[in-house]
Each structure stands twice: as structure tokens, then as C-alpha cells.
1. I need the helices (runs of 4 or more DSSP H) fully contained in segment 205-266, keeping only those with at least 2 residues that are in contact with a strand residue (DSSP E or B) (Cβ under 7 Å, 6 or more places away or on another chain) and under 21 Å from Asn166 (Cβ atoms).
2. Return the total of residues in segment 166-192 being in a loop (DSSP other than H, G, I, E, B) and away from ligand 3 (no atom under 16 Å from the Cβ).
3. Please determine, by comparing only the residues of segment 69-83 that are away from ligand 1 (no atom under 16 Å from the Cβ) and not in a strand (DSSP E or B), which one is farthest from Glu108 (Cα to Cα).
4. Given the options Ala182, Ala225, Ala198, name the one that is surrounded by fewer than 20 Cβ atoms within 10 Å (Cβ to Cβ) and either among the β-branched types (Val, Ile, Thr) or more than 16 Å from ligand 2 (Cβ to nearest atom) (or both).
5. Determine whether Ala14 is in a loop (DSSP other than H, G, I, E, B) and out of contact with any Lys or Arg (no Cβ under 9 Å at 6 or more places or on another chain).
6. Whether any residue in segment 83-92 is without any contact (Cβ under 8 Å) to a residue 60 or more places away in the chain and within 14 Å of ligand 2 (Cβ to nearest atom) is what I want to check.
7. With closer than 13 Å to Trp213 by Cβ, more than 16 Å from ligand 3 (Cβ to nearest atom) and in contact with a strand residue (DSSP E or B) (Cβ under 7 Å, 6 or more places away or on another chain) as the only criterion, which of Ile113, Ile84 stands out?
8. Tell me the residue from Gln44, Gln50 that is within 12 Å of ligand 3 (Cβ to nearest atom), assigned to a helix (DSSP H, G or I) and of a type in the set (S, T, N, Q), please.
Amino acid sequence: MARSALLNVMVQAALKAGKSLSRDFGEVQNLQVSVKGPGDFVSQADLKAQKIIRDELLKARPTYGFLGEEGEEIKGTDGAHRWIVDPLDGTTNFLHGIPMFAVSVALERNGEIVAGVVFNPATDELYTAERGGGAFLNDRRLRVASRRVLSDSVIGCGVPHLGRGNHGKFLVELRHVMGEVAGMRRLGSAALDLAYVAAGRFDGFWETDLSAWDMAAGILLVREAGGFSSDFHGGTDMLVTGSIICGNEHIQKALAEVVKRPIPSK
Ligand code: IPD
Ligand code: CA
Ligand code: CA
């Protein structure tokens, strides 16, 4: 598997931030037992990881823009390129000592994602993709699952919680989907959810109210593994609308139909 110079820069940045998160994750596990808990410590770990990534990426390409979850967007002098980064996706898992979180780094060129990296430092799983070059988990080429019907499928989703999302709408979506599928999963990291679709572990995934940094790298992984994604309007503006439904061509279509079924009348 040959990686471009740019993808190498992204991988190095993600690995370096991952190392820092790994160290802090060990500490979080100790802090769990304290009364105050690891909340502030985790915010610092998140900021530290973003600084590591931003410094690495901007050192390699000083003119590119940078959009990260933590802090103000940096507008680059090069209007065509922008990094889109979530330094820690799966913060709640991290905070609770659950080893399911990731660094997500994407490169946008003229409004299109052309490279993506998702790295879970707790499992050492590095997902990479370049437009037209395929998707990989470490050195293994990825392909979305080939199941054609929802009744055989395991489907990932996001679940709204206190202060987040539309609970009533989600319950309707869940009610419709859970009656049609072999299993439902909620990982707690949208970047990993998408990587799992790319790797054929999940047959499909849907979520709403996401941000561009949650999805940018993962959408390319799915696409380069042969999968399809749309937003809830059937278009491909996922990064703008914040909603996504994905899978192979059969599951994506079927899942979209079920997720968007109207609320049954009494
Ligand atoms: C969150 C995760 C989670 C999703 C949330 C995101 P964060 O990102 O991706 O799976 O359900 O909507 O905000 O806050 O852990 O970076
Ligand atoms: Ca996130
Ligand atoms: Ca985050």
C-alpha cells in the first residue's frame, strides 16, 4: 500500500496525537475513582491532542486552512485546502475509561474530501483512505460488507442524550429500524462507526446532528471501501446537514427508507 506524502503527514499527526491520548487514557482510568472525576483532565487531553495535530499539519502545509472541533477555525491563504480534525471523537467513552475513541483527520480540497485518517490508539487500529486509492485498516484493504438485506444486518447508530438531539424523532427511527435488523450497536464515536462500516463490521449506520469533523474522514473511508452515504434529504451534503445514512448500495437504500418512515398514526 503506497501512501502519498500528504497522507503520510496526516498519519504521523494522528499517531502522535494518539500517543498523547493513550498516555492520558491510562491516567483517566486512575482518576475514575476520585470524587471530582476526570472531567477537566479530559478537556486538557483533548486540547493537547488538537494542538499536536494542528502543529504537525500546519508545519507540513503552512498555507492550508484548519477546522478543528476545539477552537476557532484558521483560514489558510490557500483557499483550496482545509484540514478537518476531531482530535478526540468518543469523548464520553474516553472519560469513562471505555477504549472506544479515535483521532479523525481529513483533508478537503475544493470542497471535496480527498484523504482521511481515523486512528483508535486503544486498539492500534489505523484506518486510512485517499480518493481513488481505496481504504485500509493498517495494511489490509477494506471492503464494505456484502449483505443485501436488513434482516441479516448489524446497524450502528447514534443515540441522543441529556441536552442533545431530538429524542422523540430518534425513538421513531429506532422503533422502525430495530424491527427489521439482526442487531443494533451504539459505539459512541461516529468516526469509528463509519470506519466499522468501511471495514464490513457494521452493514450500515445512521446518525443526525453530527458535525463535519465527526464524519469527514469516515465518509471517505466508506466511499473508498465501496460504500454509499447520503444525508436525510437524499443528497450528499452530510458535512453541512450533519445527518448521514450509509452502507453498501442495498443496505444504504433500505436503511434510508426505514429510518425516514413517518410516525405511525394512532
Ligand atoms: C461525538 C461522538 C458520538 C456522537 C456525538 C458526537 P465527541 O463526538 O462522535 O458518537 O454520537 O454526536 O458529538 O463529542 O466525542 O467528539
Ligand atoms: Ca466528535
Ligand atoms: Ca471531539
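Derivation of every value follows stated rules applied to the coordinates shown; laboratory data play no part. Model, not experiment: these values are computed from the prediction. Glycine gets a Cβ as well: all are built from the backbone with ideal geometry, and neighbour counts include every protein chain shown.
1. Ranges flagged: 212-224, 249-259.
2. 6
3. If we take residues in segment 69-83 being away from ligand 1 (no atom under 16 Å from the Cβ) and not in a strand (DSSP E or B), then Glu72 is farthest from Glu108 (Cα to Cα).
4. One residue alone meets the criteria, Ala182.
5. No, not satisfied.
6. Yes, segment 83-92 contains a residue that is without any contact (Cβ under 8 Å) to a residue 60 or more places away in the chain and within 14 Å of ligand 2 (Cβ to nearest atom).
7. On inspection, the qualifying residue turns out to be Ile113.
8. Numbers: Gln44 fails: within 12 Å of ligand 3 (Cβ to nearest atom).
Testing whether each residue is within 12 Å of ligand 3 (Cβ to nearest atom), assigned to a helix (DSSP H, G or I) and of a type in the set (S, T, N, Q) leaves just Gln50.
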